[in-house]
Every structure is written in structure tokens, then in C-alpha cells.
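Read through the structure below, which is laid out as C-alpha cells, and then see the notes.
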Amino acid sequence: MTHILAIDQGTTSSRAILFDAQMKITATAQQEFPQHFPDSGWVEHDVSDLWRTVVETCRDVVAKADIDADSIAAIGITNQRETTVVWDRDTGEAVYRAIVWQDRRTAAFCRDMKDHEPMVTARTGLLMDPYFSGTKLRWILENVEGARAKAAAGKLLFGTVDSYLIWKLTEGRAHVTDATNAARTMLYNIHEGRWDAEICKLLDIPMDMLPEVKDCAADFGTTDLLGPTIPVLGVAGDQQAATVGQACFDKGMLKSTYGTGCFALLNTGQTAVTSTNRLLGTIAYQLDGKPTYALEGSIFVAGAVVQWLRDGLGIIGQASDTQPLADKADPQQRLYLVPAFTGLGAPHWDPDARGAIFGLTRGSGPAEFARAALESVGYQTRDLLEAMKADYATVGGDLGNTVLRVDGGMSASDWSMQFLSDILGAPVDRPKVLETTALGAAWLAGMRAGVYPDQAGFAETWALDERFEAKMDEADRAEKYAGWQDAVARTLTR
């Protein structure tokens with residue numbers, strides 16, 4: 001068996017990627033699916049779209065590669081995190097659309113529960129925020145007719161997207177998840193490695209709805225989807241899978257992924273750091289029953305701001321148009337775009353904030369908007385790193401000489417990565433393999449299957465494509481960042 005199949009189920013599309021025995025990409029298939037916005041701040045997916053696109057891309061990628069499915073040794077899954085699915089144990093039908101991680105409908109409930117946040121944070125590393133799965137699950141039970149009674153009777157199951165896909169792939173034989181996805185639900189005690197009964201009681205969630213939690217490399221069941229029986233041996237939430245794919249196995253290593261949102265993870269080793277700057281404590285990965293922890297900063301809008309330029313404003317035809325347009329921007333104008341379309345994530349956590357543009361003049365046009373959009377990603381990343389530096393210092397860590405490893409679609413933009421390095425005042429490394437999320441899932445499965453090397457061997461395969469060094473002088477950097485901080489302060493609602 002010479003191949004590993006990675007399923008990458010994301011926020012706007014599903015992808016299947018085949019890797020060969022040398023961890024090189026053999027073929028890729030991708031399908032987008034509709035987004036649903038039934039109310040302000042609400043974001044949903046039709047669960048059938050998630051499953052359909054996964055099935056079709058898996059079959060497409062095998063056809064494209066022109067291989068026999070029996071040459072696939074294992075499947076690895078990586079997925080959009082926090083997105084919440086509740087389905088009928090007997091029929092497999094979802095009782096409601098998937099509530100997406102971006103969804104803010106439970107903001108009022110989270111505000112009402114703020115007194116409980118210290119307890120929740122101490123156990124889960126997370127904040128009492130609509131971002132996470134727990135309050136989304138509660139909303140479904142409270143608002144879908146008959147759901148509460150069915151759940152109490154043991155007839156409904158909950159899962160993040162990975163869990164639902166595995167349940168479908170195994171035809172209902174496995175109701176499981178991995179530690180990284182469990183850690184994003186706000187229901188999982190990351191220190192004790194178990195679902196937290198007190199938090200479940202607080203949110204009125206029956207614990208028998210919850211999946212069994214496994215390591216990231218484990219036996220998750222088998223599937224006959226492609227004909228021959230293939231084991232699912234690797235699972236990790238997308239940002240944790242990217243951390244693995246970037247080989248950030250050493251304490252102090254840092255990666256940032258630029259997709260729909262932006263997510264920076266700092267490996268803190270065996271220490272679960274409690275943030276005083278409203279970052280998240282989480283599990284980076286778990287192998288052999290031992291969790292490795294991370295500090296995480298989550299930005300809700302990164303690549304999505306470019307989609308907004310294209311679909312909302314219509315000033316670009318495709319994402320690649322943004323960079324040449326930004327190059328034409330008037331250097332004398334300084335626009336700040338705060339892309340709080342669905343609130344602001346770390347380190348602000350203001351679900352009620354909304355997007356704003358500051359510094360407009362009569363001369364402001366598409367070029368200035370494009371530049372401000374790209375720069376917003378760099379500014380938000382610096383917000384995260386400033387918070388990480390402060391938190392990591394509390395346990396004796398020092399990020400003074402840290403190199404940021406980047407990946408995701410937006411990392412292909414030289415303009416964006418150069419500005420990122422400039423505003424951070426730090427080196428930014430882009431690897432040769434940008435598909436680090438899928439690669440991480442593939443390595444977990446392939447390592448478990450005995451096809452791929454161990455951690456040390458895998459880390460040696462990481463290869464640099466380009467390093468971006470800061471060119472901006474310190475005074476200009478400080479002035480630009482101060483302007484950004486002022487713009488954000490004007491946007492915050494609390």
C-alpha cells in the first residue's frame with residue numbers, strides 16, 4: 001500500500017488529497033458548497049453538503065490519480081473546528097443545519113454566563129464565547145422542536161465535523177473524535193483528558209451525546225466508501241493539523257495559518273499556559289495518550305476579507321488581483337480596515353463589534369481598500385503575537401527570536417507575507433509544501449499505518465520555500481501599528 005488519503009473538510013469547501021509514500025501530493029480534488037446566513041451573525045452549512053462533497057472528492061481524487069483504491073493504506077481527516085452537528089442515532093439525519101464556528105447567535109447567552117467563565121477557562125482553556133461548540137449544541141437542543149426530548153432519551157448524537165464524517169464513513173459503527181477537536185467544544189477538560197460533567201450540566205447537555213475521545217493517531221474505524229476496507233487512522237482539527245504539518249513539535253515553535261480566518265498556535269510543550277491576555281489554551285496534538293499543549297490566537301477574518309473585496313464590493317475579479325491592486329495604492333493615504341464582520345476574536349473577543357474603515361478621503365479607491373484589506377491580516381497577527389509574548393513570558397518562555405512559520409492560501413501572496421514580516425519585525429518562513437493542514441492529517445494516519453516516519457523523521461522533511469525578512473524601519477512600524485490600535489479601539493463595543 002503506497003498512498004494516504006487526506007480528507008480536508010473546510011469552511012467553504014471540501015478537499016481530498018492523495019499523498020504517496022514519500023509524502024508528495026499525487027492528486028487533489030476540491031468542491032465548494034453553499035454558505036447559509038439565515039440571520040445577522042448566523043452562519044450555517046447543510047450537513048448533507050458536507051458529506052456529499054467529501055464523498056465526491058474522495059472518489060474524484062482516486063480517479064484523477066488513476067490508482068487502485070486498495071493501494072490506500074489509511075485515511076486521515078482534518079476539519080473546520082467548533083462547527084456543530086447533531087444527528088439522529090438511528091437514521092443518521094441531522095436535526096438541524098451545522099452551526100458554523102463563525103456563528104454568533106449565542107452571544108447573549110454567553111454574556112449571561114460570564115460569571116462561570118473563570119471555571120470554564122480553568123478546565124477547558126477557552127472563553128465563554130459563541131465561537132465554541134458547547135453553546136451551539138445547547139441552542140439546537142433548546143430551539144429545534146423535539147430535540148431536547150430525543151437527546152434525553154439517548155436518540156441524538158453530537159459531534160464536530162470530524163466526528164460526523166467518521167460516523168458516516170463507518171456507517172454508524174464509530175462515534176468518536178480526537179483530543180484536538182474535543183478541546184474546541186468548551187465541554188472537555190484538557191488537563192484531565194475527559195468530558196467535564198459540571199460544564200455539561202451547566203449547559204444542560206446529556207453526556208451520552210458526546211463521542212469517545214482518542215489520540216490524533218489512533219484507530220477510528222474502517223470504511224468501505226471506495227470499495228476496499230480502509231482504516232481511518234489520523235484525525236486533527238485543521239489548525240492543529242497544520243501545526244503538525246509544519247512540524248512544530250518543539251516547545252516555542254510557532255505557526256500561523258491563513259485561510260478563511262487566521263490561527264496562530266504556539267507550542268508550549270507539556271505546560272498548559274493560562275492566558276491573561278484572552279488567548280486560548282488548547283491541545284496542539286495528542287500522541288500515545290500524552291497531550292502537547294498550545295496557546296492559540298484566533299482571527300475570524302483573514303482570507304475572507306479578500307472574498308469580501310471580490311463578492312461584496314466587486315472591486316476584484318479573483319483573489320490574485322488583490323496584490324497588484326494594492327501595489328497601486330497611494331502611499332500617502334493610510335486606511336485601516338478592521339474586518340469585524342462577525343465580531344473580533346483574540347485578543348479582544350468582542351462578538352458585537354462590526355467591521356469599519358478609518359482614514360477615508362476623497363481620493364480613497366479600490367487600490368487603497370485592497371491594501372488596507374491585506375494589511376489588516378498582518379496587524380491582527382501582530383495583536384496575537386504581542387499577547388503570546390506576554391503569556392509565554394509568565395512560564396519563562398521567550399519569543400524574542402521566534403520565526404513564524406506560515407501556511408494556508410493567503411501565505412502564497414508575497415506582498416502579504418512581506419508586510420507581515422515588516423509589521424512583526426520578525427522573520428516569516430513559508431514552506432515548500434503549503435498544504436500543511438492536509439499533510440498533517442496524512443502524516444498522522446501514515447505514521448500510524450507504518451508508512452511514514454516518526455516525529456523526528458517527519459520534522460527533517462520540512463523544507464523552506466522562502467524567508468521574508470523585515471525591511472520596515474522601527475519608527476514606521478510603530479506608527480503604523482499605533483494607527484491600527486486606535487482603529488480597533490474605535491470599533492470595540494466593550
Worksheet item: If you take the residues in the stretch 476-494 that are of a type in the set (G, A, S) and under 13 Å from E386 (Cβ atoms), which one is surrounded by the most Cβ atoms within 10 Å (Cβ to Cβ)?
Response: A478
Worksheet entry | Considering residues of the stretch 270-296 that are small (G, A, S) and touching a Phe, Trp or Tyr at 6+ places or on another chain (Cβ under 7 Å) only, the residue nearest to E192 (Cα to Cα) | A272
Worksheet, complete the sentence: Scanning the stretch 128-146 for residues that are of a type in the set (A, V, I, L, M) and surrounded by 20 or more Cβ atoms within 10 Å (Cβ to Cβ), the one farthest from P206 (Cα to Cα) turns out to be M128
Worksheet item: Is it the case that R148 is in the same structural domain as P228 (by TED's automatic domain parsing), free of Cβ contacts under 8 Å to residues at least 60 places away in the same chain, part of a helix (DSSP H, G or I) and farther than 29 Å from L18 by Cα?
Response: yes
Practice prompt. Please enumerate the residues belonging to the stretch 45-74 that are more than 16 Å from Q30 (Cα to Cα), more than 26 Å from the chain's Cα centre (by Cα) and either part of a helix (DSSP H, G or I) or not assigned by TED's automatic domain parsing to the domain that holds I99 (or both).
Written response: A69, D70, S71
Worksheet item: Can you tell me which residue in the stretch 341-368 is farthest from the chain's Cα centre (by Cα), limited to those that are of a type in the set (A, V, I, L, M, F, W, C) and buried (at least 24 other Cβ atoms within 10 Å of the Cβ)?
Response: L344
Worksheet item: From the list T282, T257, T268, T292, which one is among the β-branched types (V, I, T), over 18 Å from G440 (Cα atoms) and at pLDDT 85 or above?
Response: T268
Worksheet item: Just one of K251, K214 is of a type in the set (K, R), within 22 Å of Q286 (Cβ to Cβ) and not assigned by TED's automatic domain parsing to the domain that holds Q102; which is it?
Response: K251
Worksheet entry | Test for F109: is it surrounded by fewer than 23 Cβ atoms within 10 Å (Cβ to Cβ), in contact (Cβ under 8 Å) with a residue 12 or more places away in the chain and under 20 Å from P206 (Cα atoms) | yes
Worksheet item: Does any residue of the stretch 76-88 turn out to be of a type outside the set (G, A, S) and out of contact with any helix residue (DSSP H, G or I) (no Cβ under 8 Å at 6 or more places or on another chain)?
Response: no
Worksheet entry | Residues (assigned to a strand (DSSP E or B) and within 19 Å of L360 (Cα to Cα)) located in the stretch 289-331 | none
Fill in: Scope the stretch 249-266; condition under 13 Å from V403 (Cα atoms) and either in a strand (DSSP E or B) or free of Cβ contacts under 8 Å to residues at least 12 places away in the same chain (or both); matching residues
L254, K255, S256, A264, L265, L266
Item to complete: Answer yes if at least one residue in the stretch 402-414 is farther than 26 Å from V305 by Cα and surrounded by 16 or more Cβ atoms within 10 Å (Cβ to Cβ), and no otherwise.
Response: yes
Worksheet item: Do any residues in the stretch 410-433 that are free of Cβ contacts under 8 Å to residues at least 40 places away in the same chain have Cβ atoms under 6 Å from those of residues that are surrounded by 23 or more Cβ atoms within 10 Å (Cβ to Cβ), where the two are at least six apart or on different chains, and which pairs are they?
Response: D429/R405; R430/V406; R430/S411
Discussion item. Just to confirm my filter: which helices (runs of 4 or more DSSP H) fall fully inside the stretch 404-494 and include at least 2 residues that are assigned by TED's automatic domain parsing to the domain that holds G261 and more than 22 Å from the chain's Cα centre (by Cα)?
Written reply: 414-424, 474-491
Response to the item:
Residue count, the stretch 8-44, condition outside any loop (DSSP other than H, G, I, E, B) and touching a helix residue (DSSP H, G or I) at 6+ places or on another chain (Cβ under 9 Å), comes to 17
Worksheet item: Can you spot a residue in the stretch 374-385 that is surrounded by 23 or more Cβ atoms within 10 Å (Cβ to Cβ), closer than 23 Å to P130 by Cβ, β-branched (V, I, T) and touching a Cys at 6+ places or on another chain (Cβ under 7 Å)?
Response: yes
Response to the item:
Filtering the stretch 31-64 down to residues that are over 30 Å from R148 (Cα atoms) and crowded, with 22+ Cβ neighbours inside 10 Å yields T57, C58, V61, V62
Discussion item. Checking the conditions here, which among L325, L337 is surrounded by 20 or more Cβ atoms within 10 Å (Cβ to Cβ), within 20 Å of A482 (Cβ to Cβ) and in the same structural domain as L384 (by TED's automatic domain parsing)?
Written reply: L337
Fill in: Single match in V428, V395, V403, V488 (criterion: touching a Pro at 6+ places or on another chain (Cβ under 6 Å) and among the β-branched types (V, I, T))
V403
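The values are calculated or read from the model by the stated rules, or taken from the named source; none is laboratory data. On a predicted model such as this, the values are computed, not experimentally measured, just so you know. Cβ atoms come from the backbone with ideal geometry, glycine included; neighbour counts cover every protein chain shown.
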